[in-house]
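Undergrad: Here it is: the structure, laid out below.
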Amino acid sequence: MSSSSPSPNGASLSSPPPASPHDDSFFSPSAETAAATPATPATAATTTTFFTPVGGDPSPFSSPEAQISWPADGSLTLSWVLDLMSKFDWASRNLPPTDFPTVLPVEVFDRLVLTASKILHKEPNLVRVDLDADDDSGKDCRVVVVGDVHGQLHDVLHLLNSAGFPSENRFFVFNGDYVDRGAWGLETFLLLLAWKVFMPERVFLLRGNHESKYCTSVYGFEQEVLTKYGDRGKHVYRKCLGCFEGLPLASLIAGRVYTAHGGLFRSKPVTPSKRSKGKKNRRINSNPEVSSLSLGSLEELSKARRSVLDPPWEGLNLIPGDVLWSDPSMTPGLSPNTERGIGLLWGPDRTEEFLKRYQLKDLKG
């Protein structure tokens, strides 16, 4: 497999967000990114009302200009999360990016990311979204699977308002790519972390290929953070990278639907180690090139090492890169994804094999 740097996919939500008066000067993407990203038309729809819980009363918000503070007892409430949504929405329309710390101080950022990271790092590589099928309440459960949001804060706010907020019978699985390309990657990611902290068994955040040091340094997120937090920007960026490492790789919904940002993955090759005779302390590691690729198992996925800043595209720890970067293909079998330089291409026969092996109904990537 080629060891060249991977090229990220450019998928994002199709509906443009409301324009912000500060979008144009926010940060300067690379020429490649600018060419690949269509211009966002201006829109007058800037007063949409969000944040009224389904079947509930509006949250008692503080003034939108007020600074966000961390709860005294460290426990997030629905009102706190909705207030965060309201302030992020207001700030995105009324403040330049450099004023963002007046809305979310670094100290509050640190508490939120630390709390969320502790939850995420304890989750397995494959999170199981169980709908309590044996319980009567499980009959009315709904799972909302969300694809790439790429910093489109207003799309996420609209989605939550339209689909309904996470609740006891409404689950959300976000399939990665929270940052880059859009101007509000930081707000989008932090908002979803807040929901995760508030409802950890109802909101599941998976890792996308853009939740990596390579992609965020090239496609906008690092520059976004440095612009918003100035001399504290490097600290904030490092904390985000650490949180990215804790994001699970895939989910299994109700035991029937497999979801991952990329998709299927290879079986880990067996590479025996042997000692050379007469050399007590020397090891010779044989790492023969794999002549044929075989489909990996959920057990192998569960044992992969996901805590890496950039998933490797060579070596032995290839499953995270496969799960995040692989693409479906109409060609049968498995083959290296040479266009991306990382991950696989898998054919319809491998989809069928994977579904039958685990008695699944669907695969979403």
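The values are calculated or read from the model by the stated rules, or taken from the named source; none is laboratory data. Owing to the predicted nature of the structure, the values given are computational and were not obtained by experimental measurement. Note: ideal-geometry Cβ built from the backbone for every residue, glycine included; neighbour counts use all protein chains shown. The protein model used for the area step is the full one, side chains on, heavy atoms only, and it has no ligands, DNA or RNA in it. Shrake-Rupley method; radii C 1.70, N 1.55, O 1.52, S 1.80 Å.
Undergrad: Just checking, how many residues over the stretch 198-233 are aliphatic (A, V, I, L, M), assigned to a helix (DSSP H, G or I) and surrounded by fewer than 24 Cβ atoms within 10 Å (Cβ to Cβ)?
TA: Keep residues of the stretch 198-233 that are aliphatic (A, V, I, L, M), which gives 199, 203, 205-206, 218, 225-226.
Narrowing the set further to residues that are assigned to a helix (DSSP H, G or I) leaves 218, 225-226.
Those still in the list that are surrounded by fewer than 24 Cβ atoms within 10 Å (Cβ to Cβ) too: 218, 226.
Of the residues in the stretch 198-233, 2 are aliphatic (A, V, I, L, M), assigned to a helix (DSSP H, G or I) and surrounded by fewer than 24 Cβ atoms within 10 Å (Cβ to Cβ).
Undergrad: Would you confirm whether or not the stretch 77-91 contains a residue that is at pLDDT 95 or above, over 13 Å from Leu191 (Cα atoms) and touching a helix residue (DSSP H, G or I) at 6+ places or on another chain (Cβ under 7 Å)?
TA: Within the stretch 77-91 (the criterion being at pLDDT 95 or above, over 13 Å from Leu191 (Cα atoms) and touching a helix residue (DSSP H, G or I) at 6+ places or on another chain (Cβ under 7 Å)), the answer is yes, since at least one residue qualifies.
Undergrad: Please name all residue pairs, on different chains or six or more residues apart, with Cβ atoms under 7 Å, provided the first residue is in the stretch 228-256 and is without any contact (Cβ under 8 Å) to a residue 24 or more places away in the chain and farther than 21 Å from Leu114 by Cβ and the second residue is among the polar types (S, T, N, Q) and open to solvent by less than 10 Å² (accessible area, probe 1.4 Å).
TA: Sorted first by the residue in the stretch 228-256, then by its partner, the list stays empty.
Undergrad: Could you please find all residues in the stretch 166-180 being outside any strand (DSSP E or B) and either crowded, with 24+ Cβ neighbours inside 10 Å or free of Cβ contacts under 8 Å to residues at least 40 places away in the same chain (or both)? Give the derivation first.
TA: Restricting attention to the stretch 166-180, the residues satisfying the condition of being outside any strand (DSSP E or B) are 166, 168-169, 175-180.
Scanning the stretch 166-180 gives Pro166, Glu168, Asn169, Gly176, Asp177, Tyr178, Val179, Asp180.
Undergrad: What residue, of Leu360, Leu355, is at pLDDT 95 or above, out of contact with any Pro (no Cβ under 8 Å at 6 or more places or on another chain), under 23 Å from Val145 (Cα atoms) and not in a helix (DSSP H, G or I)?
TA: Leu360
Undergrad: From Ala194, Ala183, grab the single residue that is at pLDDT 95 or above, open to solvent by 10 Å² or more (accessible area, probe 1.4 Å) and of a type outside the set (Asp, Glu). Walk me through it before giving the result.
TA: Details: Ala194 fails: open to solvent by 10 Å² or more (accessible area, probe 1.4 Å).
None of the others qualify; the one that does is Ala183.
Undergrad: Moving on to the next point. Within the stretch 304-330, take every residue that is touching a helix residue (DSSP H, G or I) at 6+ places or on another chain (Cβ under 9 Å) and free of Cβ contacts under 8 Å to residues at least 40 places away in the same chain and give me the one that is nearest to Leu126 (Cα to Cα).
TA: Arg305
Undergrad: If you scan the stretch 220-244, which residues turn out to be under 17 Å from Lys122 (Cα atoms) and in contact with a Lys or Arg (Cβ under 7 Å, 6 or more places away or on another chain)?
TA: Leu241, Phe244
Undergrad: Among residues belonging to the stretch 71-97 that are in contact (Cβ under 8 Å) with a residue 24 or more places away in the chain and outside any helix (DSSP H, G or I), point out the one that is surrounded by the most Cβ atoms within 10 Å (Cβ to Cβ).
TA: Step by step, filter the stretch 71-97, then rank; the result is Leu76.
Undergrad: Could I ask something else about it? Which count do you get for residues in the stretch 147-161 that are without any contact (Cβ under 8 Å) to a residue 60 or more places away in the chain and open to solvent by 10 Å² or more (accessible area, probe 1.4 Å)?
TA: 1
Undergrad: Just to check your reading of the model, which residue among Gly242, Gly255 is farther than 30 Å from Leu186 by Cα, at pLDDT 95 or above and either of a type outside the set (D, E, K, R) or not in a helix (DSSP H, G or I) (or both)? Talk me through it step by step, then tell me what you get.
TA: Numbers: Gly242 fails: farther than 30 Å from Leu186 by Cα.
Within the list Gly242, Gly255, the selection yields Gly255.
Undergrad: When you go through (1) in contact with a Lys or Arg (Cβ under 9 Å, 6 or more places away or on another chain); (2) among the charged types (D, E, K, R); (3) in a loop (DSSP other than H, G, I, E, B); (4) modelled with pLDDT under 95 one by one for Lys274, which number turns out not to apply?
TA: Only one criterion in (1) in contact with a Lys or Arg (Cβ under 9 Å, 6 or more places away or on another chain); (2) among the charged types (D, E, K, R); (3) in a loop (DSSP other than H, G, I, E, B); (4) modelled with pLDDT under 95 is unmet by Lys274, namely (3).
Undergrad: Further question: Among (1) outside any helix (DSSP H, G or I); (2) open to solvent by less than 40 Å² (accessible area, probe 1.4 Å); (3) not polar (S, T, N, Q), there is one condition Phe100 misses while meeting the rest; what is its number?
TA: (1)
Undergrad: All but one of (1) out of contact with any helix residue (DSSP H, G or I) (no Cβ under 9 Å at 6 or more places or on another chain); (2) part of a helix (DSSP H, G or I) hold for Arg128; which doesn't?
TA: (2)
Undergrad: Further question: In the stretch 306-360, which residues are open to solvent by 20 Å² or more (accessible area, probe 1.4 Å) and among the polar types (S, T, N, Q)?
TA: Ser307, Asn317, Ser329, Thr331, Ser335, Thr338, Thr351, Gln359
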